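Here the structure is laid out as structure tokens; the discussion comes afterwards.
Any read-out appearing in this document is the output of simple, stated calculations on the displayed coordinates, not a laboratory observation. What you are looking at is a predicted structure, and each value in this text was computed from that prediction instead of being measured. Ideal geometry is used to build each Cβ from the backbone, glycine not excepted, and the neighbour counts take in all protein chains shown.
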Amino acid sequence: MYVEIDLGRVVSARRVVLRLREEGPPLELFQVLLSNGERFFDSTGLPLPSIVRYSDRFRYSFNQQRELVIEYGLKPLQFIRIEVDLPTEGAGISSIEVEAVGDNISLGMRERGGQVDILNEIGTRAEGYESTGNSNALIDGDIVSSWRYYGFSQPGDTEFTFDLGALYWVDRVRILGDLAGIAPSSVDWRWTRRNAIHFPWYIIWGSDGSLAPDGSLRWQVLGELPEHPRNLRDIVHFEEQFSLRPLRYLRMRYPNRQCCITGTTAEFQVFGEGYPAGTIMQSPIYDLGAVRNATALSWQVETPEGTRVEIRSRTGNLLQESYVFHDKNGKEVTERRYDKLIPSFKGRIDTVRSPGDDWSIWSQAYERSDRGFLSPTPRRFVQLQAYLVSEDPMQGAVLDELVLSYAEPLAAATRAEIYPIQAQPGQRTEFTYYLGWNMGAGSTGFDQLLMRSGADIELGEIRFAGQVLDAEVTRVDGGLDIAFTDPFVRSGLIELDFASTIYRQQMPFEAFLASGRGEQQIRQRVDVGDASDAVASEAIAVSLPVGSALIDGLALSAALVTPNGDGIGDLLQIEFALLNILQPRLLHVALYDLSGRKVRVLHDQQQTAGPITLSWDGQDEFGQMAAPGNYILRMEVQGDAQTQKTTKIIALAY
């Protein structure tokens, strides 16, 4: 009588706990057999898949304990077999527990979007990548399938690179070098265990996915094995432990040896703690049934401290189709191989749909739920993406619900462009915005136009079919809302004249068609494109001349400050423009005397690109009038790529 348990994959087991039933007597005479999954081999050196070899046996005689613990020392374990030598009436087993290192992140790597690459014979003429089948042996949970290099040519080095498919908190790597997949003996001694070795030395690196300036991954050393003769055969299980850190990529490099089997690796196991540091979840492609106007995304999330959820979208009208072929056993095969199979050996053919050539890139992350849709619309197909981030391994974000709202399009197609597309920094410039649209069978029309930009908009004339339109203009945060008296229900073109002052590169001016008011309002983002034959910009962003200046247009109301209280020259006005500061940066403006002593700080806050106006009344930090004389006005701002400092001499007299 026996019970045999297959864990489904090999694990690094600390201990096995066998619990017997509390009711009735305990089992007295029995054996516990443990196996890492090794098989017996036939005379040709091939493993017999159905016969498991149990290498560890634990005998129990006249047992009276209810809980039995077998310490296993992190050895590989897959099969547990309990053989009852003498049945005991009323006795039984309540549970069998295996305590392992943890969940092996390597398992299911490819299904999560990860991959394994083996670059072999590095530095030789035979250098190249191994097949997917060979690399899968490192992460399939099977101790019998293994990677090894048969070094009977110029060897070179071997390099494993793992993409875990997501960002995980990792602190341990285990390399199982069991020779279970190599026959103990064979007609050719070169292919046997006695000719197999492990790693003369190795280095393991990790990366969280951040990039170096040249575009390659940034790597950090996680562990290395110094060269030593005992590495070749005495050590079978290699392990590197390091401080817990977020990692997505792992890389291991080791040298091969000539005339032997080198680098036998049955499993490459990766362990960590807590929730993933970064997980991307991607929806299937949603078919809206026709070209629709996606209006908003809303969601319900749980984000404990140290976590966040970033939602993105993309849209398109075209799909690409590819086909995946399988044999009768469900194994994926090439189309050529499939065509050669007889009908009874052919399996299913899956159709895979992927975005076509007209799809947009992923949008920027949505800032808040139930806000305007960020991807181009109207479109027929939509795909959504959620990025769950955790800066604390013990805290995880939860996405409960994600809702896409859509309606009939206001217009079947839209296009907008601006002219001119370049301006001088900090100078008021006149622009014309061209917005064209086409109505289709399902278009509902619009009666409002919403202009949005990070720059100011000073609206001039609005023309339609050569006629100036009357409109109600409302200034809102980030732009203008323009309401027309009559709705537009036919195709047409609007021209809008406006003035603006540009302070950073590629300042966009976006437009939305709208219909309805309040919560019932429906918006449709206007696409960028060729709206008018009068211009050829096909852009809605205004650029500045190429330059590195961050501070421009410094102007002082006077070179001499005279705070006498007579209303003339009492206050110094300082005006300048910050250019190309996309993210808030510290702007420090202060006055110093000629010895370098700080007299007064005028500004010490975060700023973005835009106009700055400051003033000085001649007083120092303590509210006392500064001594007459010359002072140095010093301005300093740190941009995305450089820090700029500007100075000016100011005179004070009274």
Considering only C-alpha atoms, what is the centroid distance from the stretch 491-558 to the stretch 274-333, in Å? 31 Å
Spatially proximal lysines relative to K645 (Cα-Cα < 25 Å; intrachain offsets below 8 disregarded): K598
Could you tell me which of rounded, prolate or oblate describes the stretch 551-652, using a ≥ b ≥ c as the square roots of the eigenvalues of the alpha-carbon gyration tensor, with rounded for a/c under 1.5 and, failing that, prolate when a/b is larger than b/c and oblate otherwise? prolate
Diffing the stretch 469-482: the Karplus 3J(HN,Hα) column from phi (6.51, -1.76, 1.60, θ = phi - 60°), in whole Hz with x for Gly and Pro, holds 9, 8, 8, 8, 10, 10, 7, 10, 4, x, x, 10, 10, 10
Once the mean 1/r over all distinct Cα pairs of the stretch 330-383 is inverted, what Kirkwood radius in angstroms do you read off? 15.5 Å
If I stretch the segment between V535 and E97 completely, what's the gain in nm (0.36 nm per residue apart, minus their alpha carbon distance), one decimal? 150.2 nm
With label points set 7 Å from each Cα along the Cα-to-Cβ direction at E391 and Q506, the distance between them in nm comes to 2.6 nm
Hey, any idea what Rg/Rh is for the stretch 115-273, computing Rh the Kirkwood way over Cα pairs? 0.97
Residue (of V3, V16, V32) at the positive-pole extreme of the stretch 1-44, dipole from beta-carbon charges: V16
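Ranked highest first by the average count of other Cβ atoms within 10 Å around their residues, in what order do 209-221, 529-541 fall? Let's see the in-between values first.
Details: 209-221: 10.8, 529-541: 16.2.
Output ranking for 209-221, 529-541: 529-541, 209-221.
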Per-pair calculated FRET efficiency, R0 = 30 Å: A465 and A365 via Cβ, rounded to 0.05: 0.15
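Once the Cα gyration tensor of the stretch 8-107 is found, what semi-axes does its equivalent ellipsoid get, as square roots of 5 times the eigenvalues, in whole Å, sorted largest first?
Equivalent ellipsoid semi-axes, largest first: 27, 18, 10 Å.
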Please list, by residue number, everything in the stretch 313-328 whose backbone N is under 20 Å from a paramagnetic label point 7 Å out along Cα→Cβ of S344. 326-328
Scaled radius of gyration (Cα, divided by 2.2 N^0.38 Å) that the chain gives: 1.37
Per 5 Å bin from zero, what fraction in whole % of the C-alpha pairs of the stretch 413-542 is there, up to the bin with the longest pair? 2, 10, 21, 25, 21, 12, 5, 2, 0, 0
Could you derive backbone 3J(HN,Hα) for the stretch 363-379 from the dihedral phi with the Karplus parameters 6.51, -1.76 and 1.60 (θ = phi - 60°), listing whole Hz in sequence and x where the residue is Gly or Pro? 5, 5, 5, 5, 6, 9, 5, 6, 9, x, 6, 9, 8, x, 7, x, 9
Work out the FRET efficiency for D486 and S405 from their Cβ-Cβ distance, taking R0 = 35 Å, and round it to the nearest 0.05. 0.80
Linear extension gain, R194 paired with V352, 0.36 nm per residue minus alpha-carbon span: 52.2 nm
Using 0.36 nm per residue, how much length does the chain from E111 to E430 gain when fully extended, once their Cα-Cα distance is taken away? 109.4 nm
Testing the spin-label approximation: label points 7 Å from Cα along Cα→Cβ at H603 and L211. State their distance in nm. 3.3 nm
Could you give me D for the stretch 1-54, from Stokes-Einstein at 20 °C and 1.002 mPa s, where the hydrodynamic radius is the Kirkwood radius over C-alpha pairs? Units µm² s⁻¹, please. 152 µm²/s
How far apart, in nm, are two points set 7 Å out from the Cα along the Cα-to-Cβ line at E519 and at S615? 4.5 nm
Packing-ranked peptide list from 121-132, 580-591, highest mean Cβ count within 10 angstrom first, is 580-591, 121-132
By a straight-distance test (C-alpha under 27 Å), which lysines pair with K340 as possible cross-link partners, with residues fewer than eight away in the same chain excluded? K328, K331
